[in-house]
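These notes concern the structure reproduced below.
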Amino acid sequence: MQASVRRLSQADINRLPAWAAVASAVAALLLQAYLPLFSSYANTVDLPLLITIYLTLLRRSPMLGLLIGLTVGLGQDSLSHGPVGFYGIIKTIIGYICSSLTLLLAVESLVTRVFLVLGFYLIHQTVFWAMQSVLLGQAAGFVWRRTLLLALLNGAIAALVYRFLDRFRERI
């Protein structure tokens with residue numbers, strides 16, 4: 001068996017129409033803000049993180065990934081009751097790293113994207129915990145087992161959301 005390695009080129013870029021990208025980001029932010037009012041389990045899925053990862057994987061520009069993460073993170077900060085800036089910082093970092101990885105990896109496979117969600121969710125939670133402990137001085141316990149289970153749940157939800165959003169992609 002011979003493995004084929006093809007060069008990632010600009011022609012391989014798939015793009016989500018602007019209306020679909022904005023609608024998915026706004027929907028994720030509103031669902032993240034208002035679903036917890038009806039169910040305490042709604043906070044287990046970080047929809048803005050999933051959308052940030054999806055949108056930045058479609059672009060091969062670290063600068064654009066940085067801006068997507070910043071926009072979604074600040075939107076989440078403005079709708080949450082936590083410290084302002086935490087989600088903005090974390091999602092900016094995630095957006096930059098995620099879009100930088102697209103320069104090295106082919107991320108068209110849904111399985112690859114789900115594994116990236118697992119890793120980025122763990123990074124997100126670890127950075128959030130570290131910032132909460134260091135910057136705010138709050139002694140928050142980090143429960144690895146719960147975080148791993150939530151990473152798996154977010155990966156499963158990401159698979160569903162990404163399959164749905166893939167229907168709107170157009171090849172450029």
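A compact table of results
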| quantity | calculated |
| --- | --- |
| Matching residues, the stretch 158-172, being aliphatic (A, V, I, L, M) and buried (at least 17 other Cβ atoms within 10 Å of the Cβ) | 158, 161, 165 |
| Residue 122 being under 12 Å from the mean Cα position of the chain (by Cα) and closer than 19 Å to residue 28 by Cβ | no |
| Conditions (1) crowded, with 19+ Cβ neighbours inside 10 Å; (2) part of a loop (DSSP other than H, G, I, E, B): number failed by residue 83 | (1) |
| Selection status of residue 71, out of contact with any strand residue (DSSP E or B) (no Cβ under 9 Å at 6 or more places or on another chain), modelled with pLDDT of 90 or more and more than 22 Å from residue 166 (Cα to Cα) | no |
| Restricting the stretch 1-59 to residues that are part of a helix (DSSP H, G or I) and modelled with pLDDT under 80, the residue that is nearest to residue 160 (Cα to Cα) | 12 |
| Residue pairs meeting the criteria (Cβ under 8 Å; at least 6 apart or on separate chains; first under 19 Å from residue 26 (Cβ atoms) and without any contact (Cβ under 8 Å) to a residue 24 or more places away in the chain, in the stretch 69-97; second buried (at least 24 other Cβ atoms within 10 Å of the Cβ) and among the hydroxyl-bearing types (Ser, Thr, Tyr)) | 74/87; 77/87 |
| Conditions (1) in contact with a Phe, Trp or Tyr (Cβ under 9 Å, 6 or more places away or on another chain); (2) of a type in the set (A, V, I, L, M, F, W, C); (3) at pLDDT 85 or above: number failed by residue 140 | (3) |
| Tabulated pairs, the stretch 109-120, first closer than 15 Å to residue 153 by Cβ, second aromatic (Phe, Trp, Tyr) and surrounded by 13 or more Cβ atoms within 10 Å (Cβ to Cβ), C-beta under 9 angstrom, 6+ apart or interchain | 114/162; 117/54; 117/162 |
| Total residues in the stretch 12-55, condition of a type in the set (Asp, Glu), within 30 Å of residue 149 (Cβ to Cβ) and more than 16 Å from the chain's Cα centre (by Cα) | 0 |
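A quick yes/no check of all residues on (1) within 14 Å of the chain's Cα centre (by Cα); (2) part of a helix (DSSP H, G or I); (3) surrounded by 17 or more Cβ atoms within 10 Å (Cβ to Cβ):
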{"position": "89", "(1), (2), (3)": "yes, yes, yes"}
{"position": "111", "(1), (2), (3)": "no, yes, no"}
{"position": "141", "(1), (2), (3)": "no, no, no"}
{"position": "151", "(1), (2), (3)": "yes, yes, yes"}
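The values are calculated or read from the model by the stated rules, or taken from the named source; none is laboratory data. Everything numeric here is computed off the predicted structure, so don't read it as measured data. Glycine also receives a Cβ, built like all others from the backbone with ideal geometry; neighbour counts cover every protein chain displayed.
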